[in-house]
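Novice: Quick one: structure below, then a few questions.
The values are calculated or read from the model by the stated rules, or taken from the named source; none is laboratory data. Nothing here was measured: the structure is a model prediction, and the numbers come from that model. Here Cβ is always computed from backbone atoms with ideal geometry, including for glycine, and neighbour counts include all displayed protein chains. These accessible areas exclude ligands, DNA and RNA; they are computed on the full protein's heavy atoms, side chains included. Shrake-Rupley method; radii C 1.70, N 1.55, O 1.52, S 1.80 Å.
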Amino acid sequence: MNSTAAALAFACALIAGPLAGQSSPPPEGARAADAALHDMSHHDHMAADNPHLRLSAKREATPADSARAAELVARIRRDLARYRDVEAARAAGYVQFLPNVALPVYHFTNRRYGLEAAFAFDATRPTSLLYRKNPDGGFTLTGVMYTAPARLPEERLDARIPLGTARWHQHINWCLPRKGEESRWRETRGGKPLFGPESTIAGKEACDAVRGRFVPRLFGWMVHVNAFESDDPAVIWGDHH
């Protein structure tokens, strides 16, 4: 299993467990875990000093970078517009992740495409589609998420999406509750969560000291392209929701 698929399986099994696809409401401990997992998608996401985040190196965009980026956005809008209909996404194999948790943006993930992304980049087959939920219960497509193996060097990331336009990221240095202790997700220290992406703990020794389980890297590389959200490049390439 490649790093992308392993990360998805890990997240589902370790944090969400079998609750990810259930129709009944998850218990309190699982809701806290789910919220912590998805908080990484919209809280201080691109802060360079975030100890739980590794960013690709910052580069100045060249005219060639800008042209490639514009071409990618145009292709996404042209070839993936059919997924404005969420049922078309489901029919193509995209599965909503953590449907029972209220989130600003929902990831619909295609595991097959995640596997393929370990070997090649296909702009028409993103690992995830990003949707906002409407008051009437429907979904509005806002963008896509592409993934790549953690081992992939930055030059090959740049070949997929120019690093002068977008910064890929990894989620690193997580301290998690041990298996069977999911209720501990709500523990705090100094007003901060003890576990997850908002924890001040970012090392194994400190994690061991609170009887946690340290994970050096939770996912491989990923990048969001909010192509359906706006025409503003700052929104399209701003890796937040």
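Novice: What distance in nm lies between label points placed 7 Å from Cα along the C-beta direction at residue 211 and residue 192?
Specialist: So the two model labels end up 2.2 nm from each other.
Novice: Let's test the formula: R0 of 22 Å, r as the Cβ-Cβ distance of residue 64 and residue 234. What FRET efficiency results, to the nearest 0.05? Each step should come with its number before you reach the end.
Specialist: Numbers: r = 20 Å, r/R0 = 0.91.
After rounding, the FRET efficiency stands at 0.65.
Novice: For residue 221, which sequence-distant residues (separation of 5 or more, or a different chain) have an amide H within less than 5 Å of its own amide H, given hydrogens modelled in the peptide plane?
Specialist: When sequence neighbours closer than 5 places are left aside, the close amide H contacts are 148, 150.
Novice: Could you check the spin-label model distance between residue 156 and residue 87? Points 7 Å from the Cα along Cα→Cβ, value in nm.
Specialist: 4.0 nm
Novice: Pull up all non-local amide H partners of residue 214: gap of 5 or more, or a different chain, and H-to-H distance under 5 Å with H placed in the peptide plane.
Specialist: Under 5 Å from the amide H of residue 214: 176.
Novice: Enumerate the amide H contacts of residue 194 below 5 Å, restricted to partners 5 or more residues apart or on another chain; note that Pro and chain-start residues carry no placed amide H.
Specialist: Amide H neighbours of residue 194, under 5 Å, 5+ apart: 187, 188, 189.
Novice: With every protein chain kept in place and ligands, DNA and RNA left out, what is the accessible area per residue of region 84-241? Probe 1.4 Å, answer in Å².
Specialist: Numbers: 6970 Å² over 158 residues.
For region 84-241, the solvent-accessible area averages 44 Å² per residue.
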